[in-house]
Amino acid sequence: MDFEYSPKVKEMRERLLAFFDQHIYPNEKRFHQELQANREAGNVWVPVKLIEELKPLAREAGLWNLFLPRSKRAPEGLSNLEYAPLCEIMGRVPWSPEVFNCSAPDTGNMETLERYASEALKDQWLEPLLRGEIRSAFLMTEPGVASSDATNIACRIERDGDHYVINGTKWWSSGAGDPRCKIYIVMGKTNPDAGRHEQQSMILVPADTPGITVKRHLTVFGYDDAPHGHMEIELKDVRVPAENMLLGEGRGFEIAQGRLGPGRIHHCMRSIGVAERALELMCKRSLSRVAFGKPVARQGVTQERIAEARCEIEMARLLTLKAAYMMDTVGNKVAKAEIAMIKVVAPNVALKVIDWAMQVHGAAGVSSDFPLANWWAHQRTLRFADGPDEVHRNAIAKLELAKHMQVSADEISMPVTRGS
C-alpha cells in the first residue's frame, strides 16, 4: 500500500489550504456572530449568509462535490483515498464542509441516490443537491426502539395502490432543521414477516408532504446545531408515489450498508482534522502561558500529552488511509473490519486530544471563547452516530474470532446503525 498523495491530490490540497487561509479561518468569528444575530432576532433556523457567499468561490476554485467518486453527474469526485486528506482539512472547521458541498448528511444521501435511485429521481433530487441548492435528511433512528440494531425499526411503509403510506416517528434526523431541507430518505418496514434483514426498505419523502410534523429539535450537550439541527419527526399517513421506493422492497438494509460505509470514513477523516487543530491550539496555549515559574509547555505532563497526541493522530490517520484504500480497491464489504476499527478509533482519539487541549486552556477551554467545548460535544456524539462504539467493537471481535473458528467472515455483516 502506497499512501503517498498523488500530484493531483497534492495540488488540490494546496489549493484547499489556500482557500482556508483566505476564506475560512478569517471568517470563523463572523460565522458564529451571524448565528448569534439570527438567534437574537428570534430565528436561528435560517441559512447562514456566509456559507452562501463562499459556495460560488469554492466552485470557482474547483473544490466542489469532491466526495462522490465514479459519478458522471459529479466528474470532480475523488476516490476515498484521494478525498481523505482534503476531507481532513475540512474537518478543521466544522461548518466548512458545506462550503464545498461535502457536508453530512447530504454526502451520504447523494451517494445513496447515485447508487440506488432511478434516473428520474436523480434528476429530481440528486441534481439540485449536487448544485448545493437544497439540503436533505436521513430518517432512520427511532425513539421507541434501540436503533443500534436497525432490525428493531418500527416505522411502517405499506403499499396502497400506486402509493406507499408511511407511519412512524423518527428522531435525531440531522439536517431536517434547515429550511433548505427538501427531501428525506426514510427507512422503515415494508414486510415484518420477511427475513430479519429483508423487512426494511428505504423511500424518498419530500419534506413538504402532508402528514409530516417536525415535533421538536434535539440539543446535543446544550448545542442546537442550528441551522442544521437534529429533529424529531412524526410521519402520519404520509403518502408518496410508489416510484419513490429505492431499489425495491426489502432492500433497505442492503442500501444502509452501502450508504453508511463512506459516511463513517468521512466522519473519521474530519475527526482527524479536528484533532490536529486541537493539538495546534494546545501547543500555542502551552507556549504562551506560565505556571509555577515556567511555560506550561515545559511541564512534563504537557510534553507527554503533546507527544502522545501526535502519536495517536498519526496512527489514526494511517488506519483511515488503509480503510480508504481498501474501500477503493476491494470494496466496502471486504473493508468492513477497517471501517469499523477507524470508526471506533478516530472519534476517541479526537476526544482525547481535545480533552488534553482543554486542560491546557484551563477554564477557558470549556467556555465559548474557544471552540474546544463545541468540538468535544460533536466528537462525543460521533461515538453514537453511524453506530455506537460497542456495535463496531462487536463486529471487529466477531471478524477476529472468525479467523479461528469454522465461521465464514462473510456471514458477519457490517452493523447498520446510526444512533441510540
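Nothing in this text is a laboratory measurement; each read-out follows from the coordinates by a stated rule. Everything quoted here is computed from the prediction, not taken from an experiment. As a convention, Cβ positions derive from the backbone with ideal geometry for all residues, glycine included, and neighbour counts pool all protein chains shown.
Of the trypsin sites (Lys or Arg not before Pro) in the range 91-182, the ones in a loop by DSSP (not H, G, I, E or B) with at most 14 other beta carbons within 10 Å are Arg131. Taking N as the residue count of the range 352-397, its C-alpha radius of gyration divided by 2.2 N^0.38 Å amounts to 1.45.
Computed from phi, the 3J(HN,Hα) profile of the range 217-227 under the Karplus parametrisation 6.51, -1.76, 1.60 (θ = phi - 60°) reads 9, 10, 8, 10, 6, x, 8, 8, 6, 5, x Hz, with x in place of Gly and Pro.
In the chain, with Lys and Arg counted as +1 and Asp and Glu as -1 at Cβ, which of these residues, Cys155, Phe19, Tyr116, has the Cα nearest the positive end of the dipole, that is, farthest along it? Farthest towards the positive pole: Phe19.
The range 164-321: D in µm²/s via Stokes-Einstein (Kirkwood Rh, Cα pairs, 25 °C, 0.890 mPa s)? Don't jump to the answer; show the numbers that get you there.
Values: Rh = 19.4 Å.
D = 126 µm²/s.
Give me Phe31, Phe292, Phe3, Phe100 ranked fewest to most by other Cβ atoms within 10 Å of their Cβ, as a rough exposure proxy. Numbers along the way, then the final one.
Values: Phe31 19, Phe292 7, Phe3 14, Phe100 25.
Neighbour counts put them in this order, fewest first: Phe292, Phe3, Phe31, Phe100.
Scanning the chain for DSSP H helices at least 30 Å long along the axis (C-alpha atoms) with a Kyte-Doolittle mean no lower than 0.5 picks out 336-361.
Give me the dipole magnitude in Debye, nearest 20, for the range 230-344 about the Cα centre, with unit charges on the beta carbon: positive for Lys and Arg, negative for Asp and Glu.
Values: 19 positive and 14 negative charges, 131 e Å.
Roughly 620 debye, rounded to the nearest 20.
Compute the relative contact order of the range 135-245 as a whole-number percentage, counting only Cα pairs closer than 8 Å that sit 6 or more residues apart in sequence.
32
Is there a quick way to get the dipole size of the chain? I mean about its Cα centre, with the Cβ of Lys and Arg at +1 and of Asp and Glu at -1; what is the value in debye to the nearest 20?
Values: 53 positive and 55 negative charges, 195 e Å.
Computed charge dipole of the chain: roughly 940 debye.
Tell me the Kirkwood radius of the range 315-379: reciprocal of the mean inverse pair distance over distinct alpha-carbon atoms, in Å.
Hydrodynamic radius (Kirkwood, Cα only) of the range 315-379 equals 13.2 Å.
For q = 0.13, 0.23, 0.24 Å⁻¹, what log10 I(q)/I(0) does the range 58-149 give under the Debye formula with an equal point scatterer on each alpha carbon and no solvent? Listed by q, the Debye log ratios stand at -0.47, -1.19, -1.25. With q set to 0.09, 0.21 Å⁻¹, the log10 of I(q)/I(0) for the range 270-420, from the Debye formula over equal scatterers at the Cα positions, is -0.36, -1.22. Think of the chain as a dipole: +1 on every Lys or Arg Cβ, -1 on every Asp or Glu Cβ, centred on the Cα centre; then among Leu319, Gln299, Tyr223, Gln299 lies furthest on the positive end.
Any idea what the alpha-carbon Rg over 2.2 N^0.38 Å comes to for the range 7-117? Intermediate values should be presented prior to the final figure.
Details: Rg = 14.9 Å, N = 111, 2.2 N^0.38 = 13.2 Å.
It is 1.13.
Within the P(r) computed for the chain, what percentage of the Cα pairs occupies the region above 38 Å? Mind showing how you got there, number by number?
Numbers: 17549 of 87990 pairs.
Value for the chain (Cα pairs over 38 Å): 20 percent.
Over the chain, DSSP H runs of length four or greater, each weighted -39,500 (n - 2.57), average out per residue to a 222 nm ellipticity of -14500 deg cm²/dmol. Using C-alpha pairs under 8 Å with a sequence gap of at least 6, the mean separation divided by the residue count of the chain gives a relative contact order of 15 percent. Three semi-axes describe the equivalent ellipsoid of the range 135-245; taken as square roots of 5 times the Cα gyration tensor eigenvalues and ordered largest first, they are 23, 17, 10 Å.
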